[in-house]
Amino acid sequence: MSFNESFQEFPIIETERFLLRELQPDDAEDYFKYFSDHEVTKFWGYDSPKDVKTVTSTFVRFSNAFKRKEMIVWGISSKEANKIIGTCILGNFVRGSMANISYNLSREQWKQGIMIESLGAVIPFGFNNLGLHRIQATVMPENNASISLLEKCGFKKEGLLREYSFGTLFTDTLMYSLLAEELN
């Protein structure tokens, strides 16, 4: 499958325990609940959504960005409950050869291997289906859990970008990357 073909319809990815799928209006309440938790968003550098209506409009922006081939935002849902507990995002594509990856997870779901399982499916999708050569991630130096996750997934630390990220403040950011030939 080519980069353009991957955007014909939203790609659903199934793992052993989870379904990574497009976010729907019915998911807004769950997304709002966990994304309003400061512990979930403290390393994002952005404000939490103000209400469920804001989340619903965010989902529309995600859908439109997918149609423009700019970003894929997968909602992570348990196969049993079909409740959104996090997201994985591939976006900021550069000539169909490079993308940024980001992710978040409800605090109640931390330390259960959910994100390693989810990224373990999204990363190969990026390389094999989208034909990416490089996937990169930025992470705040204090975010030890995210750094550990990226390293478990095979990402290599490239360096520190001083005051690179801006949400509400300029923050230092570490750059990590994984190349297609490095995928296990």
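The values are calculated or read from the model by the stated rules, or taken from the named source; none is laboratory data. What you are looking at is a predicted structure, and each value in this text was computed from that prediction instead of being measured. A quick note on method: Cβ atoms are made from the backbone with ideal geometry, for glycine too, and the neighbour counts reach across all protein chains shown. Please note that ligands, DNA and RNA were not included when accessible areas were found on the heavy atoms of the full protein model with its side chains. Shrake-Rupley method; radii C 1.70, N 1.55, O 1.52, S 1.80 Å.
Miscellaneous remarks
- Applying a threshold of 8 Å to beta carbon distances and a minimum spacing of six or more residues, or different chains, the list of pairs starting in segment 141-152 at a residue that is of a type in the set (D, E, K, R) and ending at one that is in a helix (DSSP H, G or I) reads Lys152/Ile116.
- Within segment 129-153, being surrounded by fewer than 16 Cβ atoms within 10 Å (Cβ to Cβ) and under 19 Å from Glu16 (Cα atoms) holds for one residue alone: Lys152.
- First in segment 106-123 and within 14 Å of Lys152 (Cα to Cα), second anywhere and open to solvent by 50 Å² or more (accessible area, probe 1.4 Å) and assigned to a loop (DSSP other than H, G, I, E, B), Cβ under 8 Å, 6 or more apart: Ile114/Arg17; Glu117/Glu16; Glu117/Arg17; Ile123/Leu183
- Selection of segment 86-111 for residues being at pLDDT below 90 and part of a loop (DSSP other than H, G, I, E, B) yields Arg95, Gly96, Ser106, Trp110, Lys111.
- Filter result for the condition that a residue is crowded, with 20+ Cβ neighbours inside 10 Å and within 13 Å of Thr15 (Cβ to Cβ), over Leu105, Leu119: Leu119
- Selection status of Arg61, modelled with pLDDT of 85 or more and either closer than 28 Å to Asp172 by Cα or open to solvent by 80 Å² or more (accessible area, probe 1.4 Å) (or both): yes
- Unique match (being at pLDDT 95 or above and in contact with a Gly (Cβ under 9 Å, 6 or more places away or on another chain)) among Ser118, Ser165, Ser177, Ser148: Ser118
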